[in-house]
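Asks: A single structure is presented below for examination.
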Amino acid sequence: MSRDYVIDQMISAKTIDARIEELAQDIRSAFGGTEKLVVVGLLRGSFVFIADLVRELDFDVEVDFLEASSYGGSTESSREVRILKDLRGEIGGRDVLVVEDIVDTGFTLSHVVRLLRSRNPRRLETIALLDKPSRREVDIKATWTGFEIPDEFVVGYGIDYAQHNRNLPFIGKVRFS
């Protein structure tokens, strides 16, 4: 990596775990009675969040992934969303929960929601671990949000900087030196 940086913990692993339990309760209430919930993870940053979230759900889930990119190796969104990997399964007529790691400008989530709605799911809701409303450029808000954070570049709990720090058990703020 070309830039030196320090990571300051923002949200502890214990706080994340507690919030996921609360979010899972909300999802159980909202999707109670569904035959099977299709959980669509936006790769790569959401994979840790998805794993912990689906273990808290007490009904049948199917997990699929879609990879979209608007960052590349940068800390800033390019505002151009590219689909790098599409879903394997069909979602038409099914209940779908899109799982995002962080909603920043909103371009990625907005693009993905439009794409998936065009496939006619019975119901489509969204959940984001983190939300930076101060950065929003597109009018979109996740159905459920884990934590609202200030405009800071963060890593950990699946979120990376140039493929580093995904394995941190907490969310940390990156300070470049």
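Asks: Length gain on complete extension for the stretch Arg175 to Arg117, per 0.36 nm per residue less the alpha carbon to alpha carbon distance?
Replies: 17.1 nm
Asks: I would also like to ask the following. Say the dipole of the chain comes from +1 at the beta carbon of Lys and Arg and -1 at that of Asp and Glu; which of Gly156, Phe59, His111 then lies farthest toward its positive end?
Replies: Positive-most Cα among the choices belongs to His111.
Asks: Here's something else I'd like to know. Hey, can you grab everything whose amide H is under 5 Å from the amide H of Thr145? Only 5+ residues off in sequence or another chain; H modelled, so Pro and N-termini drop out.
Replies: Ala128
Asks: How big is segment 8-60 along each principal axis, measuring the range of its Cα positions in Å and listing the largest first?
Replies: Sorted from largest, the Cα extents of segment 8-60 read 42, 23, 14 Å.
Asks: How do 84-93, 121-130 rank on mean C-beta neighbours within 10 Å, highest first?
Replies: Top of the packing list down: 121-130, 84-93.
Asks: Oh, and also: Only Lys, Arg, Asp and Glu count, each charged at its Cβ (+1, +1, -1, -1), so figure out the dipole size of the chain about its Cα centre, rounded to 20 debye.
Replies: About 380 debye.
Asks: Moving to a separate point now. What relative contact order, as a whole-number percentage, does the chain give when Cα pairs under 8 Å and 6 or more residues apart are counted?
Replies: 27
Asks: Let me ask you something else. Which whole-Hz couplings ³J(HN,Hα) result when phi for each residue of segment 102-118 is put into the Karplus expression 6.51 cos²θ - 1.76 cosθ + 1.60, θ = phi - 60°, listed in order with x for Gly and Pro?
Replies: 3J(HN,Hα) across segment 102-118, in whole Hz: 8, 9, 10, 5, x, 4, 5, 4, 4, 4, 5, 4, 4, 4, 6, 4, 5.
Asks: Within 10 Å, count the other beta carbons around each residue, average over each peptide in 18-31, 156-169, 100-113, and list them highest first.
Replies: 100-113, 156-169, 18-31
Asks: How many nm separate the modelled label positions at Arg135 and Asp64, each set 7 Å beyond the Cα in the direction of the Cβ?
Replies: Going from the Arg135 label point to the Asp64 one covers 2.8 nm.
Asks: Using only alpha carbon pairs under 8 Å that are at least six residues apart, calculate the relative contact order of segment 85-177 and give it in whole percent.
Replies: 24
Asks: If you don't mind, there's one more thing I want to ask. Please give the contour-minus-distance gain from His164 to Arg82: 0.36 nm per residue of separation, less the Cα-Cα distance, rounded to one decimal in nm.
Replies: Residue separation times 0.36 nm, minus the Cα-Cα distance, leaves 27.4 nm.
Asks: Looking at the P(r) of the chain, how many percent of alpha-carbon pairs lie beyond 24 Å?
Replies: 33
Rule-based calculations on the coordinates, nothing more; no lab input. All values derive from a computational prediction rather than experimental measurement. A quick note on method: Cβ atoms are made from the backbone with ideal geometry, for glycine too, and the neighbour counts reach across all protein chains shown.
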